[in-house]
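Below you'll find the structure, written out as structure tokens, and then a few comments.
Derivation of every value follows stated rules applied to the coordinates shown; laboratory data play no part. Treat the numbers as computed from the prediction; the structure is a model and nothing was measured. Counting neighbours? That spans all protein chains shown, and the Cβs are built from the backbone with ideal geometry, glycine included.
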Amino acid sequence: MKGIIVAAGYGTRFLPVTKTIPKEMIPLITVPSIQFIVDEFVDSGITDIVIITSRRKRSLEDYFDREVELEQVFAREGKNKQLEAIAPSKANIAFVRQRQMMGTGHALLQVKAWVGSDACVVAYPDDLHLGTPPLAAQLVAAYEKTGCSVLASMTDPGDVSRYGVLAIANDGVRVSAIVEKPAPGTEPSHEVSIGRYLYTPEFFDLLEEGWVRHLADAERAGKPAGEYFHIYALNKLMAAGKVAYCPMVGQRLDTGEPAGYLDAVLRYADSQSDLRAVIDRFVANRK
């Protein structure tokens with residue numbers, strides 16, 4: 001099992017900071033968002049990881065590299081806690097650049113050869129997970145049970161009109177369709193898709209097939225090829241009954257926009273005893 005992290009986007013919702021700093025490096029307190037995904041993969045037994053970046057994301061590569069000079073300073077001064085904080089990841093991390101911003105489907109095609117004949121978990125760093133078992137491990141367990149590609153989902157009993165909502169097949173295991181942003185009252189379920197997927201190798205063959213069609217359609221229309229997403233391949237798999245869903249156990253943190261990011265910081269801080277006291281003092285002083 002391999003892991004893919006899609007981290008090539010511009011992060012425009014977080015300007016001006018993302019003018020020079022990748023959104024995936026914006027931290028929850030001291031831990032960059034992308035580190036949560038890498039830790040989730042490693043804790044799920046996934047140690048071969050590729051991160052899809054773009055030319056503005058060099059600091060991601062630097063972050064996962066060794067900081068030899070700092071290691072030497074901390075070792076000389078006996079600062080073991082700091083040494084542990086900057087220790088290299090236990091994962092084998094590679095980087096592939098998406099040279100043109102042409103959508104997530106196009107981004108995933110950049111690592112098709114790297115994936116080879118393995119299944120893989122794809123993560124989008126806007127969605128972080130707290131709790132056990134790790135979310136990637138939950139998807140792997142569902143894959144081992146069904147042999148299908150697997151979508152992570154969460155149950156939202158309220159208004160789901162801003163989500164991709166899963167239509168569940170009659171067997172209660174597979175997904176027959178994803179309905180994007182259904183009008184209230186028309187939603188096929190209250191299971192909504194979140195940014196974690198497990199794909200079988202067949203997915204990448206279908207992704208490439210869809211890309212060829214995408215280019216041909218653009219050529220026939222006499223227009224530049226626009227962004228290409230993964231929905232073509234996913235629809236093909238769903239139509240063949242080869243996609244299952246996995247209701248998430250744990251807590252999802254949505255860092256995709258500033259309000260969600262602030263909520264994520266507070267929830268993460270609340271899970272740390274030393275930081276929870278700061279929140280309690282702030283709330284007490286607001287009364």
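Between I52, F64, V42, whose Cα lies farthest towards the positive end of the dipole of the range 26-70 when Lys and Arg beta carbons carry +1 and Asp and Glu beta carbons carry -1, centred on the Cα centre?
I52
Suppose each label sits 7 Å from its Cα in the direction of the beta carbon; what would the Q100-D118 distance come out to in nanometres?
Computed distance between label sites Q100 and D118 equals 2.9 nm.
For the range 163-281, what is the charge dipole size about the Cα centre, in debye to the nearest 20, if Lys and Arg each add +1 at the Cβ and Asp and Glu each add -1 at the Cβ? Each step should come with its number before you reach the end.
On the way: 12 positive and 17 negative charges, 17 e Å.
Using Cβ point charges on Lys, Arg, Asp and Glu, the range 163-281 gives about 80 debye.
Mind checking the angle between helix 201-221 and the chain's longest principal axis? C-alpha axes, 0 to 90 degrees, to the nearest 10.
Taking the Cα atoms of the chain, the angle to 201-221 is about 70 degrees.
Treat every Asp and Glu Cβ in the range 36-89 as -1 and every Lys and Arg Cβ as +1, leave all other atoms uncharged, and give the resulting dipole magnitude about the Cα centre to the nearest 20 debye.
In total the dipole reaches around 280 debye.
Working from Cα positions, state the angle (0 to 90°, nearest 10) between the long axis of helix 135-146 and the longest principal axis of the chain.
Once rounded, one gets 30 degrees.
In the chain, if the dipole is taken from +1 on Lys/Arg beta carbons and -1 on Asp/Glu beta carbons about the Cα centre, which of A284, I168, N92 is farthest to the positive end?
It is A284.
Out of the DSSP beta bridges found with both residues in the chain, what percent are antiparallel (nearest 5)?
55 percent
Treating only the Cβ of Lys, Arg, Asp and Glu as charged (+1, +1, -1, -1), what charge dipole size does the range 2-256 show about its Cα centre? Round to the nearest 20 debye.
Using only the charged Cβ atoms, the result is roughly 600 debye.
Could you state the angle between the C-alpha long axis of helix 33-43 and the longest principal axis of the C-alpha atoms of the chain, as a value from 0 to 90 degrees rounded to the nearest 10?
Computed tilt is about 80 degrees.
Between K145 and S89, take the C-beta separation as r, use R0 = 25 Å, and let me know the FRET efficiency to the nearest 0.05.
On the way: r = 29 Å, r/R0 = 1.16.
Computed FRET efficiency for K145 and S89 comes out at 0.30.
Students often check this: by mean Cβ neighbours within 10 Å, which of 97-103, 177-183 ranks highest, and how do the rest follow? It would help to have the intermediate numbers written out before the result.
Working: 97-103: 16.3, 177-183: 14.4.
Highest-to-lowest ranking by the protection proxy: 97-103, 177-183.
With Cα extents along the principal axes in Å defined as stated, name the option among (i) 60, 40, 40; (ii) 52, 48, 41; (iii) 62, 45, 40 computed from the structure displayed.
Correct label is (iii).
Relative contact order, percent, of the chain when contacts are C-alpha pairs under 8 Å separated by at least 6 residues?
Averaging sequence separation for qualifying contacts and normalising by length gives 21 percent for the chain.
Kindly write out, for the range 179-189 in residue order, the coupling ³J(HN,Hα) from the Karplus curve 6.51 cos²θ - 1.76 cosθ + 1.60 (θ = phi - 60°), rounded to whole Hz, with x marking Gly and Pro.
9, 7, 6, x, 5, x, x, 10, 5, x, 6
Could you derive backbone 3J(HN,Hα) for the range 74-88 from the dihedral phi with the Karplus parameters 6.51, -1.76 and 1.60 (θ = phi - 60°), listing whole Hz in sequence and x where the residue is Gly or Pro?
Values per residue, Gly and Pro as x: 5, 5, 5, 8, x, 8, 5, 5, 5, 4, 5, 5, 9, 4, x Hz.
As a check on your grasp of the helix formula, calculate [θ] at 222 nm for the chain: sum -39500 (n - 2.57) over DSSP H runs of n ≥ 4, divide by the residue count, round to the nearest 500.
The helix contribution divided over the chain gives -11500 deg cm²/dmol.
Choose one of L275, A264, V249: the residue whose Cα lies farthest towards the positive end of the charge dipole of the range 241-287 (beta-carbon charges +1 Lys, Arg; -1 Asp, Glu; about the Cα centre).
V249
GNM, the chain, Cα, under 10 Å: largest mean-square fluctuation among S33, S273, S176?
S273
What nm value, rounded to one decimal, do you get for the distance between R281 and A269 when each label is placed 7 Å out toward the C-beta?
1.1 nm
Grab the beta carbon distance between R220 and R55, set R0 = 22 Å, and tell me the FRET efficiency rounded to 0.05. Intermediate results must be reported in sequence, preceding the final value.
Working: r = 31 Å, r/R0 = 1.41.
That gives a FRET efficiency of 0.10.
Pull out the extension gain between E202 and E69, defined as 0.36 nm times the separation in residues minus the alpha carbon to alpha carbon distance; nm, one decimal.
Fully extending the segment from E202 to E69 adds 43.4 nm.
Would you give the gap between the C-alpha center of the range 96-123 and the C-alpha center of the range 251-280, rounded to a whole Å?
Using only Cα atoms, the two centres lie 30 Å from each other.
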